[in-house]
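What follows is a short report on a single structure.
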Amino acid sequence: MIKGVNSAPTKASLSSKKAPGKGALKLEKSTQKAPAAEMPQSDLNSANTTSTHITVLLEEAVHALAIKSNGTYVDGTFGRGGHSKKILAQLDLSGRLIAFDRDVSAVAAGKEIQDLRFSMVHSHFAGMKNKLGEMGISKVDGILLDLGISSPQIDEGDRGFSFRFDAPLDMRMDQTSGRTAEEFLAVTTEKELAEVIKNYGEERFAKQIARAIITERNDGRAITTTGQLTKVVAGAVTRHEPGQNPATRTFQALRIFVNQELEELSLTLPQCLALLAPGGRLAVISFHSLEDRMVKQFIRDQANCDDLPSNFPVRAADLPQPKMISVGKTIKPNAAEIKRNVRSRSAVMRVAERTHVV
Ligand SMILES: C[S@@+](CC[C@H](N)C(=O)[O-])C[C@H]1O[C@@H](n2cnc3c(N)ncnc32)[C@H](O)[C@@H]1O
């Protein structure tokens, strides 16, 4: 098992700060967009038409929450507030919206919203239940999670998320805590690295890539930049999807690992169940199959509690009742949205409603 998987982020993993001065290499115009000809086909590294975030499934996600104007709502992934602003617009004076983001720039953008019904919290969403508890909130009417990273995070080249820019290999959404990708690559073993790349990147050349990275490190050329990583991976991958940069899957894997994205989700879904009032809605937008599978399974587990043998001697009324029911089918962006925002194309939204069962 990969360290940190299926477990809460450890205190140590969340507290180690990036060493000062590290990664202070020259950036090649890291804040500029790459010319179109260099653009890979992967969703995340595809260029956006603006430097801000284009909200994905905006109408659909807010509609899915079935907003009650006096309700209390949580946006677990504020980003640049596209969903939050639309939710706020549907609340009356007694409604409330609490937004979370682990990214300092996102939090700064949220703090610009001057609205007494709105609170912006700098926290990972796995801290949701505690933070809401501190605010005296134990039940909410809807929770939205729009997973992954935002366009500003990708397009600000010095964050290290994109192979379109040469930059220090950071990749943390929350740059105030945790281990950077560079720090991870400096200490990991070949076996662990191969597992990370295989499990989180679903990369068939994971072993070869891990070997190449560790060989570089052992030869005194530790990987500290996105440019170096892209080059080493390209040398280890002999076949890749047409139009896709060979490093796409490795970047995805490292990002998911560094930010403990799957652990975050698995810690948060049960909190959503506990926090939602009867009739409250959960809407989750995922961008890759690892997340979507987890959401699908979670909703299914809450909904299917009658999987006892058919001849089990129990009256129908005594059967355990579902704590959540799935609402509608999965929702994906339509062709017009994908045309407007190519990064939306891998999005999948699942919606569930909390029942009265405790
Ligand atoms: C796809 S963007 C959300 C965009 C937003 N819905 C909007 O319309 O602007 C994802 C955001 O969630 C944040 N994020 C991702 N995982 C997080 C986590 N575990 N805890 C808190 N914030 C997280 C990222 O920092 C990023 O700002």
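What the table below lists for this structure:
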| read-out | value |
| --- | --- |
| Leu254 vs. criteria hydrophobic (A, V, I, L, M, F, W, C), within 16 Å of the ligand (Cβ to nearest atom), in contact (Cβ under 8 Å) with a residue 60 or more places away in the chain and farther than 30 Å from His356 by Cα | yes |
| Filtered residue count, region 233-248, keeping only those that are at pLDDT below 95 and within 16 Å of Arg211 (Cα to Cα) | 2 |
| Test: residue in region 135-151 that is free of Cβ contacts under 8 Å to residues at least 60 places away in the same chain and part of a loop (DSSP other than H, G, I, E, B) | yes |
| Residues satisfying the stated conditions in region 118-134, i.e. more than 14 Å from the ligand (Cβ to nearest atom) and assigned to a helix (DSSP H, G or I) | Gly133, Glu134 |
| Unmet requirement for Ala99, which otherwise passes all of (1) among the aliphatic types (A, V, I, L, M); (2) within 20 Å of Lys131 (Cα to Cα); (3) at pLDDT 95 or above; (4) surrounded by fewer than 21 Cβ atoms within 10 Å (Cβ to Cβ) | (4) |
| The listed residue being near the ligand (Cβ under 10 Å from one of its atoms), acidic (Asp, Glu) and assigned to a loop (DSSP other than H, G, I, E, B), out of Asp166, Asp115, Asp174, Asp170 | Asp174 |
| Region 52-85 - residue that is in a loop (DSSP other than H, G, I, E, B) and among the polar types (S, T, N, Q) and, of those, farthest from the ligand (Cβ to nearest atom) | Asn70 |
| Within region 190-212, tally of residues that are over 23 Å from Glu263 (Cβ atoms) and either buried (at least 18 other Cβ atoms within 10 Å of the Cβ) or free of Cβ contacts under 8 Å to residues at least 24 places away in the same chain (or both) | 4 |
| Strands (runs of 3 or more DSSP E) contained entirely in region 243-358, each with at least 1 residues that are crowded, with 20+ Cβ neighbours inside 10 Å and of a type in the set (S, T, N, Q) | 276-286 |
| For Ser105: the one exception among (1) assigned to a helix (DSSP H, G or I); (2) away from the ligand (no atom under 16 Å from the Cβ); (3) of a type in the set (Ser, Thr, Tyr) | (2) |
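The values are calculated or read from the model by the stated rules, or taken from the named source; none is laboratory data. All values reported here derive from a predicted model rather than from experimental measurement. We place every Cβ from the backbone using ideal geometry, glycine too, and count neighbours over all the protein chains shown.
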